[in-house]
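What follows draws every value from the coordinates through simple rules; no lab data is involved. Values in this document were obtained by computation on a predicted structure and should not be read as measured data. Neighbour counts run over all protein chains shown; Cβ positions are idealised from the backbone, glycine included.
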Ligand SMILES: Cc1ncc(COP(=O)(O)O)c(C=O)c1O
């Protein structure tokens, strides 16, 4: 029997995925097969403006020539190298991470996904404090492996697997008193997203974040910033630094590999000293191909001024959506290229109409659609998006 080549017609693609994949995902009725810059193409050749970068991943857009050349070079040199050996690409990636890490976060663990970065962060927090309890926020999303799932709020994800391995209390977002009531000398960590993503793009107040920082320190608990989604897209490498603070542990993924799966957990020297060899590990984590992706992506963010540019264009995107004054829109919120548009009705028809009109955006809740554009969007893409949204809402 022959194995099909990937260049299939849509009907075959849909049939194979429907028949063979576990039915875990609600599917959108197109097959994306190619990308170029800020645009994606489906199996029928239709072009879409990418306003989602595949859930915040493709920060440099698609088929970026610099990224392709670096990855091809690395493919020709070495793709896999366990962390028990030294490697040049990994060393360079760690140095690049050092340059963007918030103050005090000087030691790094590299893995393969957001959930893994969180999983490691929770384990390191438990090890460093000798405590088990974690306080997380309502509506928070931290991934779906069992440890990360313990911190994720949505009962729909949690219920089938309870009891979950980590005792986590969830408190109201942006409510300091509610948090202070739950944090004590038995708390290993407070975990939060500086801007809640999956929940519908809810930014935490800077004052709140500063108070949380002090609360954690006062109780000997660690502050874990989940920057898996916020990382690199709020006008700075990390969103928590807008509040002028550093966490004790920072977890990131998505954009840092520009499509190559990478998770990074950053910790302080003090935490690192308390984690013993063998306490955690991964075969694929820190592999040379992933590390080359990190080096190349972080270098491109810097060379192309993408933090400042996406912050500026993000502001313009928010004000342009507001300026449409659509009676269907309740609120537009976010920071940089992480934007939520809350509607007064369910978003599915709008997302579908955008897709039919050649724009791909994401849901964030039943009434919020989300924009996570590639950071390489220019004014032209902002205008194209606004023009299409105006037509769709009319
Ligand atoms: C804030 C946050 N944390 C963790 C995760 C989990 O990341 P992954 O899907 O790569 O496991 C996500 C994914 O959407 C996320 O948005």
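Here the label points at residue 303 and residue 322, each 7 Å from Cα along the C-beta direction, are separated by 3.6 nm in the simple model. The slack between residue 91 and residue 154, meaning 0.36 nm per residue of separation minus the straight C-alpha distance, is 18.9 nm.
The label-point distance for residue 180 and residue 144, in a model that sets each label 7 Å from Cα toward Cβ, rounds to 3.8 nm. With contacts taken as Cα pairs under 8 Å at a separation of at least 6 residues, the range 257-385 carries a relative contact order of 19 percent. Antiparallel as a % of all DSSP beta bridges within the range 67-303, to the nearest 5? About 45 percent, rounded to the nearest 5. Listing 94, 122, 149 from fewest to most neighbouring C-beta atoms within 10 Å gives 94, 149, 122. Here the calculated FRET efficiency for residue 333 and residue 312, from their Cβ-Cβ distance with R0 = 22 Å, stands at 0.80, rounded to the nearest 0.05. Averaging the Cα positions of each part gives two centres, and for the range 258-306 and the range 59-103 these lie 9 Å apart. At an R0 of 30 angstrom, the distance between the Cβ atoms of residue 63 and residue 106 translates into a FRET efficiency of 0.30.
By the helix-only formula, in which each DSSP H run with n ≥ 4 contributes -39500 (n - 2.57) and the sum is divided by residues, the chain has a 222 nm mean residue ellipticity of -11500 deg cm²/dmol. Whole angstrom only: what separates the Cα centroid of the range 353-382 from the Cα centroid of the range 12-52? So the two Cα centres are separated by 15 Å. Sequence-distant contacts, meaning Cα pairs under 8 Å at least 6 residues apart, place the relative contact order of the range 67-303 at 31 percent.
For residue 11 and residue 169, compute 0.36 nm times the residue count separating them, minus their Cα-Cα distance, and round to one decimal in nm.
Roughly 52.3 nm would be gained on extension.
Here residue 18 and residue 386 are evaluated by their C-beta separation; at R0 = 45 Å the FRET efficiency comes out at 0.80. Pair-distance distribution of the range 67-303: all C-alpha pairs, bin width 5 Å, starting at 0; shares per bin in whole percent are 1, 7, 15, 19, 20, 16, 11, 7, 3, 1, 0, 0.
Less than 12 Å from a label point 7 Å out along the Cα-to-Cβ axis of residue 378: which backbone N atoms in the range 13-51 qualify, by residue? Taking a point 7 Å out along Cα→Cβ of residue 378, the residues of the range 13-51 whose backbone N falls under 12 Å are 38. Sorting the segments 1-7, 113-119 by their residues' average number of neighbouring beta-carbon atoms within 10 angstrom, most packed first, yields 113-119, 1-7.
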